[in-house]
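The values are calculated or read from the model by the stated rules, or taken from the named source; none is laboratory data. Keep in mind it's a predicted model, so treat the numbers as computed, not measured. Glycine also receives a Cβ, built like all others from the backbone with ideal geometry; neighbour counts cover every protein chain displayed. These accessible areas exclude ligands, DNA and RNA; they are computed on the full protein's heavy atoms, side chains included. Shrake-Rupley method; radii C 1.70, N 1.55, O 1.52, S 1.80 Å.
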Amino acid sequence: MRYDLDDLRLFLHIVREGSITAGARHMHLSLPSASARVRSLEHHAGVALLIRGRRGVRPTPAGATLARHARDVLSRTARLESAVASYTRSPTAPLTLLVGGSAMHRLVPQALISFLRAHPDTDVAVSESRTPRTVRMLADGEADLGVVLDDETRDGRLRTEPLGDDSLVVIGQAGGILAGRTALTYGEVAEHPLVGLNADSSLRRWIEAHLGPQAPVVRHRTTVANLGVLVALAAAGVGLAVVPRRAVDPHQPLDICELEDPWARRHQLLAWGVRDSAASTATAALAEHLRNAASAGQVFRRADAGVDTDAGADPDGQRPFPDG
């Protein structure tokens, strides 16, 4: 049989999200249209590809096989299109991606590696930027994509979508002063020596802005420019550190505690710029690589972060859009 590439893309979105509704949204399709495409795939394949349930959908063994090969087909197709297009179009300006400091640690490097390999003719200019500045530049047409924090995004002109959890946690040396603790407030953290990011880093400025004028006085034993270095210092017992959960390597020996302050619960959004290139194939491809990197990076999940997946379920096995 002959497979439609858009049908394969839709199927991969559905498998990744566990929902036909969410897959349809990624492809900008109506739910009936997406469901019809899936049924057509199953008809031509001659076998069921999805198991539908009240909490969503999951692939059958045949569906898992289709998804695995579809990823390879789409990746090779992207490389083919990129290679041929390089002979027919003039060099273009690089895509502009603006992200916060936490996204710079793992999310962006992973997304860039896969994107730049698949699109050798497209360059990307990446800059660290706080959400308010990123939103302004996207709205003014000065950037293509941004990774922003949901509680600082107020511009209704921008198209946004959930990207992932970016909540903050406290980390320290394994078996150290955090041993036996599961959660504490920033005030309790400040009673101990800390290691932190430089004062001009986006994460440090975000934390201080939310602490306000009544922030406790802290002792920073040292400040550094890189989250990876910060995590290593905390693991070595130099001091406690407040970092995004996604910055922590699950295999690194560390004690990790939830930060109880409400402002520590953060979510990242993928925001699209308003200039013409926001609808370009290259921009859409970069967005997809960011989604994939964010999905792969969700190693930890808070027990209190779940949603009622039964709410809004429909007979076709759909569920509400995920919260990232």
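Listing for the model above:
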{"item": "Elements of type strands (runs of 3 or more DSSP E) contained in the stretch 233-296, each with 1 or more residues being of a type in the set (Val, Ile, Thr) and either in contact with an Asp or Glu (Cβ under 6 Å, 6 or more places away or on another chain) or over 25 Å from Leu74 (Cα atoms) (or both)", "result": "241-244, 254-259"}
{"item": "Filter result for Ala67 (assigned to a helix (DSSP H, G or I), open to solvent by less than 80 Å² (accessible area, probe 1.4 Å) and touching a strand residue (DSSP E or B) at 6+ places or on another chain (Cβ under 7 Å))", "result": "yes"}
{"item": "Any hit, the stretch 1-20, residues being touching a Ser or Thr at 6+ places or on another chain (Cβ under 7 Å), part of a helix (DSSP H, G or I), open to solvent by 30 Å² or more (accessible area, probe 1.4 Å) and farther than 24 Å from Leu269 by Cα", "result": "yes"}
{"item": "Verdict on Pro120 being open to solvent by 30 Å² or more (accessible area, probe 1.4 Å), within 17 Å of the chain's Cα centre (by Cα) and at pLDDT 85 or above", "result": "no"}
{"item": "Top-ranked residue of the stretch 185-210 - restricted to ones that are touching a residue at least 60 places away in the same chain (Cβ under 8 Å) and not in a helix (DSSP H, G or I), ranked as farthest from Leu230 (Cα to Cα)", "result": "Thr185"}
{"item": "Lone unmet requirement of (1) among the hydrophobic types (A, V, I, L, M, F, W, C); (2) open to solvent by less than 30 Å² (accessible area, probe 1.4 Å); (3) closer than 21 Å to Gly164 by Cα for Val38", "result": "(3)"}
{"item": "Selection from the stretch 217-249 of residues that are more than 18 Å from Trp263 (Cβ to Cβ), more than 19 Å from the chain's Cα centre (by Cα) and among the small types (Gly, Ala, Ser)", "result": "Ala225, Ala232, Ala234, Ala235, Ala236, Gly237, Gly239"}
{"item": "Identity of the residue in the stretch 162-206, open to solvent by 20 Å² or more (accessible area, probe 1.4 Å) and among the acidic types (Asp, Glu), that ends up nearest to His220 (Cα to Cα)", "result": "Glu191"}
{"item": "Count of residues meeting criterion [within 12 Å of the chain's Cα centre (by Cα), more than 15 Å from Thr131 (Cβ to Cβ) and at pLDDT 85 or above] in the stretch 90-106", "result": "0"}
{"item": "Cross-chain or 6+ apart pairs with Cβ under 8 Å, the stretch 1-29 first and touching a residue at least 40 places away in the same chain (Cβ under 8 Å) and closer than 15 Å to Ile51 by Cα, then among the aromatic types (Phe, Trp, Tyr) and in a loop (DSSP other than H, G, I, E, B)", "result": "Ser19/Phe321; Thr21/Phe321"}
{"item": "Unique match (being over 30 Å from Glu128 (Cβ atoms), free of Cβ contacts under 8 Å to residues at least 24 places away in the same chain and surrounded by fewer than 20 Cβ atoms within 10 Å (Cβ to Cβ)) among Pro109, Pro32", "result": "Pro32"}
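Matching residues to (1) at pLDDT 90 or above; (2) surrounded by 13 or more Cβ atoms within 10 Å (Cβ to Cβ):
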| position | (1), (2) |
| --- | --- |
| Arg54 | no, no |
| Gly63 | yes, yes |
| Glu128 | no, yes |
| Gly156 | no, no |
